[in-house]
Amino acid sequence: MGAQPLLKIENLVKHFHVRLGAFGERAATVHALDDVSLDILEGETLSLVGESGCGKSTTGFTILNLHRATSGKVLYKGEDLTALDEKRMRPFRRDLQIVFQDPYSTLNPRMTVGEAVGEPILFHKLATKAELDGKVAALLTDVGLPPRFASRYPHELSGGQRQRVVIARALACQPKFIVCDEAISALDVSIQAQIINLLLDLQEKYGLTYLFIAHDLAVVRHISTRVGVMYLGRLAELASRDALFETPLHPYTKALLSAVPETDPEHERSRKRQILQGDVPSPLAPPSGCRFHTRCPIAMEVCRRVVPKWKDARPGHLVACHAVNGE
Amino acid sequence: MMKTENRLLDVKDLTIEIDTRSGPATIVDSIDLHVGKGETLGVVGESGCGKSLTMLSLMRLLPNKIRVAKGEAHFDDRDLQKMSNRELRKVRGGDIGFVFQDPMTSLNPVMRIGDQLAEPLIYHRGMSRKQARERAIELLRLVGIPGPEERIQAYPHELSGGMRQRVMIAIGLACEPKLLIADEPTTALDVTIQAQIIDLVKGLREKLGMSVVWITHDLALIAGLVDRVVVLYAGTVVEDAPVDELYANPRHPYTRGLLASIPKLSDAPASRLNSIGGTPPEPGRRPQGCPFAPRCPLAMDICRTHVPKLEPISAAGSHRAACFAVEKAREAA
């Protein structure tokens, strides 16, 4: 596995300007993403986890330029994607794909499976019309669907089959990088396992890099190379899968991990959970200093005032917390 | 086997049908399940397996075109299916509390949460408005909502998802029911909030001594919460066992597949999960024979023609499974 960064994300910020009140009389800013920096390495699965509203999906969208970044850079092949307009972005779109959560609303109900999968191939001129059927059949086989499904419509398929079609469509333009935005969250447990296996198989076969956005930590632990934990628009911790799950450093990561249930009744009954009190504060008015200080069990005076630095606590293990000392 | 007298809820042979263009189709087929006094039962299954419909049918809250075709449901030795509407209204929200999955659609958006909490208290317990208000504050405090005196004035949209779900639980608990039925109450919530709610229900169960039915698709979530688990597949009970027994020694191939599908700590990184192939049958389009046969690794000829019965497979009779292959294993042993 190459350790070269495929994408370099530097100080990425995304603010949404909204209007509140019954008549939209109050302007406000949603701090969806603040100062996020990370490298996505070639061939890895980098997962982003966190509670709803923590900015993990916004990160995926902003990297792909589906949201315009407020500031910061996304470097891919030496080009800053955030500076590109839609037309100049187009050639990069081929390499950078996304799979969304809900396979029901992402497929056009009036297009057959074959048309949906073939569309990006024709758009990017990757095959002639004559070769198209063969290409589509090969892609469907790749995602574990019989080629005869090409003539079916989305409503004839189950949720798991639809998600396979969505994945086939993403694969159609031979991408390097796929954002999986809660790609398996809407599926039943037994189907989830099928899609996880499929994603792993495809990664091996085509050397894909994944940004895997999910809230199910058991799944994340299973498929990730590295894991980033986000809280209220900022990265709290980023480390290799084993380091993050075995020796988490940030108090938020610790609390998050302690909330994950296991399929072991005895362990579950006896374990002491570190339960976080309260809810995530509003991203409209994030707390000063460290955004986690309002719920942090070890918050100190400095946490209320100063934003903690994003630093290497150990080699390759980044964390933003005043209570954690770097080595 | 648990004595029948200790059963608070005893459902026998419950069958639910839906009207389709081609006539009635069975979506829940002869379900047997029971809940003991003070017991917590987990009902597990994937979407469309009939777990929610089964519980809704107990309260006679089934949507249009879906009805109970046969079967009994005894609650405290009275058949819920035979009660008059008037009697049933006393049970709903009174002796049986219900927590629905989606608090955004289950709460009345134009009613203050204090009033929604007071409603069952005034109706079932004959409290005055003032008493009900005080009890509503108490209930909100019980479910861990800060500042309950002010919060009773709030409308549902002013609360976060976790808070709304707590309000739903408070309404379910308002009349100190003998049985609380919770239908995926934490599915829409984040893990940290989920852990808060599970802890809350554990504490309340001990304090109030009630029985709980917890409907979910998440086997990990209920591991530390329930006493017994019933696994549903395509409208039938495929396995029923005490919780430790079920996780340590699952017998039905579907339960085994389901447990194997969940990633575990001990898994090697990026290893392939043991997934179950295929997809569950659509509700109302169940195959002949065992509904799991088309996806089952152990399926034999008989599985495709005959429906296996839910039968005891342990000496004590507390572990039951509906599978021809399991039966065979026992005879061979």
Worksheet item: Which order results if B:167, B:68 are arranged by neighbouring Cβ count within 10 Å, fewest first?
Response: B:68, B:167
Worksheet, complete the sentence: Asserting the computed 222 nm helical MRE of chain B (DSSP H runs at least 4 long, -39500 (n - 2.57) per run, divided by residue count, to nearest 500) equals -9500 deg cm²/dmol
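Peptide A:193-199: average number of partner chain Cβ atoms within 10 Å per residue? Show your work: numbers first, answer last.
Working: counts 11, 7, 2, 6, 6, 2, 1.
If you average over the peptide's residues, the count of other-chain Cβ atoms is 5.
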Response to the item:
Computed from every Cα-Cα pair in segment A:268-327, P(r) in 10 Å bins starting at 0 and rounded to whole percents is 20, 39, 31, 9
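Need one number: convex hull volume per residue for the protein assembly as shown, Cα atoms only, in Å³. Don't jump to the answer; show the numbers that get you there.
Working: hull volume 122.9 nm³, N = 660.
Normalising the Cα hull of the protein assembly as shown by residue number yields 186 Å³.
Please report the antiparallel percentage of the DSSP beta bridges confined to chain B, to the nearest 5. If you can, show how the numbers build up before the last one.
Values: 30 of 49 bridges.
For chain B, the DSSP antiparallel bridge percentage is about 60.
Assuming 1.567 mPa s and 4 °C, estimate D for segment A:74-182 with Stokes-Einstein, Rh taken as the Kirkwood radius over Cα pairs, in µm²/s.
Roughly 89 µm²/s, to the nearest whole number.
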Worksheet item: For segment A:44-80 and segment B:160-195, what is the separation of their Cα centres, given in Å?
Response: 34
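Taking K and R as +1 and D and E as -1, what net charge do the other residues with C-beta under 14 Å from the C-beta of residue B:31 add up to?
Working: positive: B:12, B:51, B:70, B:286, B:309, B:320; negative: B:10, B:13, B:17, B:29, B:32, B:72, B:239, B:240.
Computed value for this residue: -2.
Could you tell me whether segment B:1-120 comes out rounded, prolate or oblate from its Cα gyration tensor? Rule is a ≥ b ≥ c as square roots of the eigenvalues, rounded for a/c under 1.5, then prolate if a/b exceeds b/c, otherwise oblate.
Numbers: a/c = 1.65, a/b = 1.14, b/c = 1.44.
Oblate is the answer for segment B:1-120, as a/c is 1.5 or above yet b/c matches or exceeds a/b.
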Response to the item:
Measuring from the longest principal axis of the C-alpha atoms of chain B, the long axis of helix B:191-208 (C-alpha) lies at a number of degrees, nearest 10, equal to 80
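Which whole-number percentage describes the relative contact order of segment A:113-168, with Cα contacts under 8 Å and a sequence gap of 6 or more? Could you put the intermediate results ahead of the total?
Details: 51 pairs, mean separation 22.6, N = 56.
Result for segment A:113-168 is 40 percent.
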Worksheet item: For B:237, B:326, what ranking results if the residue with the fewest other Cβ atoms within 10 Å of its Cβ goes first?
Response: B:326, B:237
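What share of the DSSP beta bridges in segment B:1-154 is antiparallel, in percent to the nearest 5? Don't jump to the answer; show the numbers that get you there.
Numbers: 20 of 21 bridges.
Taking every DSSP beta bridge with both residues in segment B:1-154, the antiparallel ones total about 95 percent.
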Practice prompt. Summarise the long-distance tail of P(r) for segment A:25-135 by giving the % of C-alpha pairs beyond 20 Å.
Written response: 57
Worksheet entry | Per-residue average of Cβ from other chains inside 10 Å of B:245-251 | 2
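Net charge around residue B:268, counting only other residues with Cβ within less than 12 Å of its Cβ (Lys, Arg = +1; Asp, Glu = -1)? Each step should come with its number before you reach the end.
Values: positive: A:221, A:241, B:264, B:272; negative: A:242, B:267.
Taking every other residue near residue B:268 into account, the sum is +2.
Within segment B:77-140, which trypsin sites (Lys or Arg not before Pro) sit in a loop by DSSP and count at most 11 neighbouring Cβ atoms inside 10 Å?
Of the trypsin sites (Lys or Arg not before Pro), the ones in loops of segment B:77-140 whose Cβ has at most 11 other Cβ atoms within 10 Å are B:82.
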Worksheet item: Given a cut-off of under 8 Å on Cα pairs at least six residues apart, what relative contact order in percent is computed for chain A?
Response: 19
Fill in: Rh (Kirkwood; distinct C-alpha pairs) - chain B, Å
21.1
Worksheet item: How much length is gained if the chain between residue A:156 and residue A:11 is pulled fully straight, taking 0.36 nm per residue apart and subtracting their Cα-Cα distance, in nm to one decimal?
Response: 47.8 nm
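For the protein assembly as shown, give me the percentage of DSSP beta bridges that are antiparallel, rounded to the nearest 5 percent.
Details: 60 of 96 bridges.
Within the protein assembly as shown, antiparallel bridges account for around 60 percent of the total.
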Discussion item. What are the extents of the Cα atoms of segment A:114-228 along their three principal axes, in Å, largest first?
Written reply: 44, 29, 19
Response to the item:
log10 I(q)/I(0) for chain A, Debye formula on C-alpha points only (no solvent), q = 0.07, 0.12 Å⁻¹, two decimals, reads -0.31, -0.90
Worksheet item: Relative to the longest principal axis of chain A, what angle (0 to 90°, nearest 10) does the C-alpha long axis of helix A:159-171 take?
Response: 80
Worksheet item: Which of A:47, B:261 comes first, and how do the rest follow, when ranked by fewest Cβ neighbours within 10 Å?
Response: B:261, A:47
Discussion item. Need one word for segment A:113-168: rounded, prolate or oblate. Basis is the Cα gyration tensor (sqrt eigenvalues a ≥ b ≥ c); a/c below 1.5 gives rounded, then a/b vs b/c decides.
Written reply: prolate
Discussion item. Compute the helix-to-body angle for A:129-142: its Cα long axis versus the longest principal axis of chain A, expressed 0 to 90° and rounded to tens.
Written reply: 50
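Every number here is computed from the coordinates shown, using simple stated rules; none is lab data. Bear in mind the structure is a predicted one, so any value in this text is a computation, not a measurement. Virtual Cβ from ideal backbone geometry, glycine too; neighbours counted across all protein chains shown.
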